[in-house]
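**Q** Attaching a single structure in structure tokens format; questions to follow.
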Amino acid sequence: MKHYILMCDVLNSREKDQKNLIENFRDCKNYINNKYKKNILSPLTITLGDEFQGIIKNLSNSIKIILDLEEFIIKNNFPMKLRYVLYFGEIETEINSDIAYEMLGNGLTDSRRIINNMKENDSRFYIDTKEESKNSILNNGFNILQNIVDKWKIEKDHEIIDSLIEFKDYKIVSEKLNKNRSLVWKREKNLSISSYTSAKEILLVISNI
């Protein structure tokens, strides 16, 4: 039977502080497993120190989880970026609802091959729903999103980025952060928050069709 397989790893993990990396990665996994418990068939499970996999109920929740992971990393100022493969593929064994281990199928093999191949390029997102038109929109949407997010200086700007994403209004953010309204407006424009929000909304809408 085919399921949505989500695999993820950390970019350039060998260059990171390993202790902090493992703690941050574990926090990401636990956050998603707790928040999306009802929408996950097999929970996100760390298979190696810098990789995890899980089985998600449907496309809509899979896309929500990827976007939520990206924003969770920003909110917490974690010094890492993730690479994702979402693949609708065959799992031949019974789904393990306790941990994403002891499962076999071409879908898992293909997902592993794809995420390994992605290490040869700069793309952080790969989506295969087995619907060509939907794949095109989702992958192009994530490409736009990545081009915006990867230009952000998270360590310096994580607080204002997180607030602009959450409140969607520079006036509210200026009050929350006690910053000059004009300054926040300029930062919102320079950070392309409107384009980020549009790309995110397109991804969420397409994943529900």
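**Q** Exactly one of these conditions fails for L21: (1) farther than 18 Å from F125 by Cα; (2) within 18 Å of the chain's Cα centre (by Cα); (3) at pLDDT 95 or above; (4) not in a strand (DSSP E or B). Give me its number.
**A** Single failed check for L21: (3).
**Q** Would you mind stating whether K200 is assigned to a helix (DSSP H, G or I), over 20 Å from the mean Cα position of the chain (by Cα) and under 14 Å from I74 (Cβ atoms)?
**A** In short, no.
**Q** Given the conditions (1) assigned to a loop (DSSP other than H, G, I, E, B); (2) touching a residue at least 60 places away in the same chain (Cβ under 8 Å); (3) over 22 Å from F72 (Cβ atoms), report the number of the one that G107 does not fulfil.
**A** (1)
**Q** Does segment 48-65 contain any residue that is of a type in the set (D, E) and not in a strand (DSSP E or B)?
**A** Yes.
**Q** Restricting to segment 187-205, what's the tally of residues that are surrounded by fewer than 16 Cβ atoms within 10 Å (Cβ to Cβ) and not polar (S, T, N, Q)?
**A** Qualifying residue count for the region: 4.
**Q** Could you tell me whether any residue of segment 80-100 is over 23 Å from M118 (Cβ atoms), at pLDDT 95 or above, surrounded by fewer than 18 Cβ atoms within 10 Å (Cβ to Cβ) and out of contact with any Gly (no Cβ under 6 Å at 6 or more places or on another chain)?
**A** No.
**Q** Scan segment 175-196 and tell me whether some residue there is modelled with pLDDT of 95 or more, β-branched (V, I, T) and under 16 Å from the mean Cα position of the chain (by Cα).
**A** no
The values are calculated or read from the model by the stated rules, or taken from the named source; none is laboratory data. Worth saying up front: this structure is predicted, and the values here are computed from it rather than measured. Neighbour counts are summed over all protein chains in view; Cβ atoms, including those assigned to glycine, are modelled from backbone coordinates with ideal geometry.
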